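What follows is a set of notes on a single structure, which appears directly below.
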Amino acid sequence: MAQEPEPASLLPRPLLAVALGLPALLAAGVAAVGLFLGAGGKDEAAGPSADNSGPVALVPVPAPKAESDECKALASGLPMQLVSNGVTLPRRELASPAPAGALAWGDTQHEPVVLRCGLDRPASLNPTSELRTVSDVTWLVLSEGSASTWYVVDRPVYVALTVPSDAGTGPLQDISTTIRDTLAKGPVDTTG
């Protein structure tokens, strides 16, 4: 029997090796790029890092009684953390210069809850103001934008608690209990 000749290759062997190896090399490169970029995307989706948990900056507001014995007693009795919609918010450091009588709680995922003690009487407190009572503490509520500020109006000093709209009632309840247990109750002055 006669031997049949081998079919002629259309491409020389070195070029054939490149043609077959190039798709495998391209697939490996795409996989490597996907892993590299994919890991970065996971980090970003996980939310803000702990690096942006620096001090809370507060603008100064008139607080003539911020250094009073009442505000000092309240500050020392306030909790180191508040629970807001099931999330524990630790006490936050305030940026320098920190206003006297001010404290804040929060984390990197939420706007801070801010308390200020020793403020001037709220200008909007009048005989027709709608007042609310929480844990035997009387509050005047002013809502603006994405937060509400609650003013204690039946104690020897005015206290304001600014709470983001998504905070729930936990911070208000905890602060009300501390105020009730720390500051003596008095009459509400709606006449100014």
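Data overview
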| read-out | value |
| --- | --- |
| Scope the stretch 55-84; condition assigned to a helix (DSSP H, G or I) and either of a type in the set (Ser, Thr, Tyr) or open to solvent by 30 Å² or more (accessible area, probe 1.4 Å) (or both); matching residues | Asp69, Glu70, Lys72, Ala73, Ala75, Ser76, Gly77 |
| Selection from the stretch 167-181 of residues that are in contact with a helix residue (DSSP H, G or I) (Cβ under 9 Å, 6 or more places away or on another chain) and open to solvent by 50 Å² or more (accessible area, probe 1.4 Å) | Asp181 |
| Residues that are of a type outside the set (A, V, I, L, M), part of a loop (DSSP other than H, G, I, E, B) and more than 20 Å from Val83 (Cα to Cα), drawn from the stretch 137-192 | Gly145, Asp154, Arg155, Pro156, Lys185, Gly186, Pro187, Asp189, Thr190, Thr191, Gly192 |
| Matching residues, the stretch 87-115, being under 23 Å from Ser68 (Cα atoms) and either open to solvent by less than 40 Å² (accessible area, probe 1.4 Å) or over 26 Å from the mean Cα position of the chain (by Cα) (or both) | Leu94, Ala95, Pro99, Gly101, Ala102, Leu103, Ala104, Trp105, Val113, Val114, Leu115 |
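The values are calculated or read from the model by the stated rules, or taken from the named source; none is laboratory data. Everything numeric here is computed off the predicted structure, so don't read it as measured data. Counting neighbours? That spans all protein chains shown, and the Cβs are built from the backbone with ideal geometry, glycine included. Ligands, DNA and RNA are excluded from the accessible area calculation, which covers all protein heavy atoms including side chains. Shrake-Rupley method; radii C 1.70, N 1.55, O 1.52, S 1.80 Å.
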